[in-house]
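Right, one structure below, let's go through it.
The values are calculated or read from the model by the stated rules, or taken from the named source; none is laboratory data. Worth saying up front: this structure is predicted, and the values here are computed from it rather than measured. Every residue, glycine as well, gets a Cβ built from its backbone with ideal geometry; the counts of neighbours run over all protein chains shown. SASA here: full protein model, heavy atoms, side chains in, ligands and nucleic acids out. Shrake-Rupley method; radii C 1.70, N 1.55, O 1.52, S 1.80 Å.
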Amino acid sequence: MNLERRYDIDWLRVITIVAVYFHHIGMPFNGDEFHIMNTESSKLLDDIMVYFEQFRLPLLFLVSGTGTIFAFSKRSWFQFLKERSYRLLVPLIFGILFIVPPQTFYEHYSDYNSYLQVYKNLDFEVNHLWFISDLFIISIAVIPFILFLRSEKSNSFIRFIEKITSKKYGMFLMVILLIILKIITKKINPSDSNEITNISSTTFYGFYFLAGIIIASTKETWTHLRSYRKINFTFLIISSILFYIYYFLPNKLLTPYFSIETRWNIWYMVCCLVSWSSVLTILGYGQVWLNKKSNILKKCNEAIYPFYVLHQTIIIIFGFYIIDLNLNIPLKILLLLVTTFPIIILIYRFIIYPYKIPRILFGMKKR
């Protein structure tokens, strides 16, 4: 099964991980929990970030799902297992041992006498590398499903999917399944933890990962996403309006009529509406605007994985000192941006990119 390379998916992978970088740039200032926090927080920033949180990671998991199909198309299941271990497990272990410890040190700065105490105490954490950990486990778990899609037994299933997506509202209405899964799993495990053992987050992101696999395996679905992109964009506008109406609605207006459980279920519903409609819209318009080969894309696509592994550590190291400066929040964010981005690029260009061992440790392919 040899598939034609999709440059729109490559671009979306790059754009989504850069969006993760910008999200983490804002985290010390939005009043949410992060490893380092500014003394003051911005409610406006939090109100904006909560919206983009609904589709930033779902899109990344969906893109990873499509990438899994492309990686599998030229390999046996055993070769795929070796490739996933090389590209995911090695950077994960290296990251836990050497990339994440500075985050732990600065997060608990007052508790340590020196940086080496992190190692003496064996205070190893996964932090932002949870995505790589989850991606590896999910990728291995779906091997039987991918083998099924590669066999003739899947023909009727693929025709069924293509028939649903051929309908004007067919693809969007799959959000009903997403909402049901979200509400049920949140009852079982309401935590927002991203650990693989958290059934609610794993099911939610797993839905998008499987969606990416199915979309990549059904050629007609790509066409339908492009054809109905304007309709999906309309759904996105409506969903976004509903999202912010409910988000800003005073709690006291709902309390007399709805239980806390019902109010949370409504929240999960509007979040799923924004999440799914955003992803469908982006996939549709991505085919129009982004499905073009370029040398810039080739360089970005190669650099984006090491960029992801490095970015949060660099943000926390620089952010630890920047949040103590006597500056307003916009200036601190700007300063954090103009210091961290060049440093990450320089580390990649002169330490990781040219040399064999760093390339292996950061999950890059051989030159």
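Every test in (1) open to solvent by 30 Å² or more (accessible area, probe 1.4 Å); (2) touching a helix residue (DSSP H, G or I) at 6+ places or on another chain (Cβ under 6 Å); (3) over 22 Å from Tyr169 (Cβ atoms) is passed by Tyr285 save one, and that test is (3).
When Gln54, Gln103, Gln79, Gln117 are screened for being in contact (Cβ under 8 Å) with a residue 40 or more places away in the chain, part of a helix (DSSP H, G or I) and of a type outside the set (D, E, K, R), only Gln103 passes. Taking the stretch 306-342 as the range and being among the hydroxyl-bearing types (Ser, Thr, Tyr) and under 30 Å from Phe233 (Cβ atoms) as the test, only Tyr308 passes.
Ile69 passes every criterion in (1) open to solvent by less than 30 Å² (accessible area, probe 1.4 Å); (2) of a type in the set (Val, Ile, Thr); (3) farther than 18 Å from Tyr308 by Cα; (4) out of contact with any Leu (no Cβ under 9 Å at 6 or more places or on another chain) apart from (4).
Of all residues in the stretch 9-29, none are on the phi > 0 side of the Ramachandran plot and either surrounded by fewer than 19 Cβ atoms within 10 Å (Cβ to Cβ) or touching a residue at least 24 places away in the same chain (Cβ under 8 Å) (or both).
Within the stretch 139-153, identify whether any single residue is touching a helix residue (DSSP H, G or I) at 6+ places or on another chain (Cβ under 7 Å), without any contact (Cβ under 8 Å) to a residue 12 or more places away in the chain and part of a helix (DSSP H, G or I), and answer yes or no. Yes, the stretch 139-153 contains at least one residue that is touching a helix residue (DSSP H, G or I) at 6+ places or on another chain (Cβ under 7 Å), without any contact (Cβ under 8 Å) to a residue 12 or more places away in the chain and part of a helix (DSSP H, G or I). Of the candidates Glu53, Glu4, the single residue that is among the acidic types (Asp, Glu) and either at pLDDT below 95 or in contact with a Phe, Trp or Tyr (Cβ under 6 Å, 6 or more places away or on another chain) (or both) is Glu4. Condition first: open to solvent by 20 Å² or more (accessible area, probe 1.4 Å) and touching a residue at least 60 places away in the same chain (Cβ under 8 Å). Now tell me which residues in the stretch 30-40 satisfy that. The answer is His35, Met37, Thr39, Glu40.
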